[in-house]
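Have a look at the structure below before the remarks.
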Amino acid sequence: MKYLIIGASSGLGKELAKKFAEENNDLVIVSRDERDLNAIKSDLEIKHKIKIDVLPLNFSSINEIEDKLLSNNNLISNLTGALFPIGMMFDNDNLNLSVENISKLTNANFISIAYTIQKIKKILIQKENACIIGFGSVSGFLGRDINVTYAGAKRGLESYFESMAFDEEFEKINIQFYTLGYLATNLSFGKDLKLPKGSVKKLSNIVFNNRIAKFKKTYYPAYWMIIHLILKIIPFSILRILKIK
């Protein structure tokens with residue numbers, strides 16, 4: 001089997017590449033950093049005797065996705081699944097963000113994912129137990145004054161994955177979506193986040209085991225499901241006063 005992993009060079013994407021490689025699956029790994037991708041390729045191919053294709057790509061550019069990935073039959077033919085553990089963020093992502101950067105964030109976190117899915121679905125439909133796996137963020141629970149565009153894009157992505165579960169064309173494909181809170185990665189190292197951080201290794205095991213589920217939405221760490229339910233019953237006027245981040 002062969003899986004496409006977008007955002008595979010670090011954090012969750014890197015851990016997912018390791019997990020799927022351990023189960024003797026071939027991979028197409030994509031991110032901006034070619035050096036990191038080649039290091040992952042060398043390590044995993046030696047350990048597991050599998051084939052890994054490396055593709056350095058700016059995933060916020062639809063043109064690059066079309067030219068470098070989707071037009072390359074050697075990469076996308078025979079895919080069994082596609083995973084999108086990608087998240088692009090800017091420190092100054094507020095309501096004054098430039099239109100150019102709004103476009104980059106929206107593309108990388110939503111539009112490019114939807115575009116890629118539409119282009120590869122005919123390949124996946126032909127495979128038994130094919131899967132499409134998306135990753136959102138708890139930042140999309142409600143409006144906020146930081147990571148504004150990122151949060152909006154992730155909220156839209158979750159809705160898109162829910163819609164796929166209702167679409168007849170996707171009936172033969174297993175759809176999963178993970179709403180992620182704090183993870184123990186380099187990005188969260190040293191930060192006082194108040195709540196426990198989830199293990200990316202444990203999450204990669206969960207993702208792999210769930211890949212054949214027909215449709216599944218998962219909060220990780222699981223306590224975020226309770227937090228989300230609480231936020232949904234609190235009037236927005238109160239949330240606005242509290243300014244919950």
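The values are calculated or read from the model by the stated rules, or taken from the named source; none is laboratory data. This is a predicted model, so every value here is computed, not measured. A quick note on method: Cβ atoms are made from the backbone with ideal geometry, for glycine too, and the neighbour counts reach across all protein chains shown. For accessibility, only protein heavy atoms count, side chains too; no ligands or nucleic acids. Shrake-Rupley method; radii C 1.70, N 1.55, O 1.52, S 1.80 Å.
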Being in a loop (DSSP other than H, G, I, E, B), open to solvent by less than 50 Å² (accessible area, probe 1.4 Å) and touching a helix residue (DSSP H, G or I) at 6+ places or on another chain (Cβ under 7 Å) is the requirement here; does Leu157 meet it? no
Among what's in region 130-154 and is outside any helix (DSSP H, G or I) and open to solvent by less than 10 Å² (accessible area, probe 1.4 Å), pick the residue that is nearest to Asn94 (Cα to Cα). Gly136
Here the qualifying pairs (Cβ atoms under 7 Å; residues six or more apart or on different chains; first in region 80-108 and farther than 30 Å from Glu128 by Cβ and open to solvent by 20 Å² or more (accessible area, probe 1.4 Å); second of a type in the set (Phe, Trp, Tyr) and in a loop (DSSP other than H, G, I, E, B)) come out as Asn101/Phe90
Sole exception among (1) over 24 Å from Lys154 (Cβ atoms); (2) modelled with pLDDT under 95 for Asn92, by number: (1)
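Give me a count of the residues in region 212-225 that are within 14 Å of the chain's Cα centre (by Cα) and open to solvent by less than 70 Å² (accessible area, probe 1.4 Å).
From region 212-225, those within 14 Å of the chain's Cα centre (by Cα) are 217-220; that's our starting set.
Then keep just the ones that are open to solvent by less than 70 Å² (accessible area, probe 1.4 Å); that gives 218-220.
Here the count works out to 3.
Applying the selection to region 222-236, what residues are in contact with a helix residue (DSSP H, G or I) (Cβ under 9 Å, 6 or more places away or on another chain) and within 25 Å of Val200 (Cα to Cα)?
Within region 222-236, Trp224, Ile227, His228 meet the criteria.
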By residue number, the members of region 1-36 that are open to solvent by 30 Å² or more (accessible area, probe 1.4 Å) and in a strand (DSSP E or B) are Asp26
Residues of region 37-51 satisfying the condition of being in contact with a Ser or Thr (Cβ under 9 Å, 6 or more places away or on another chain) and open to solvent by less than 20 Å² (accessible area, probe 1.4 Å): Leu37, Ile40
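Do we have Ala114 as assigned to a helix (DSSP H, G or I), of a type in the set (Gly, Ala, Ser) and either closer than 26 Å to Thr179 by Cα or under 17 Å from the mean Cα position of the chain (by Cα) (or both) here? Please lay out each step first, then the result.
On the way: assigned to a helix (DSSP H, G or I): yes; of a type in the set (Gly, Ala, Ser): yes; either closer than 26 Å to Thr179 by Cα or under 17 Å from the mean Cα position of the chain (by Cα) (or both): yes.
When the stated conditions are applied, Ala114 passes them.
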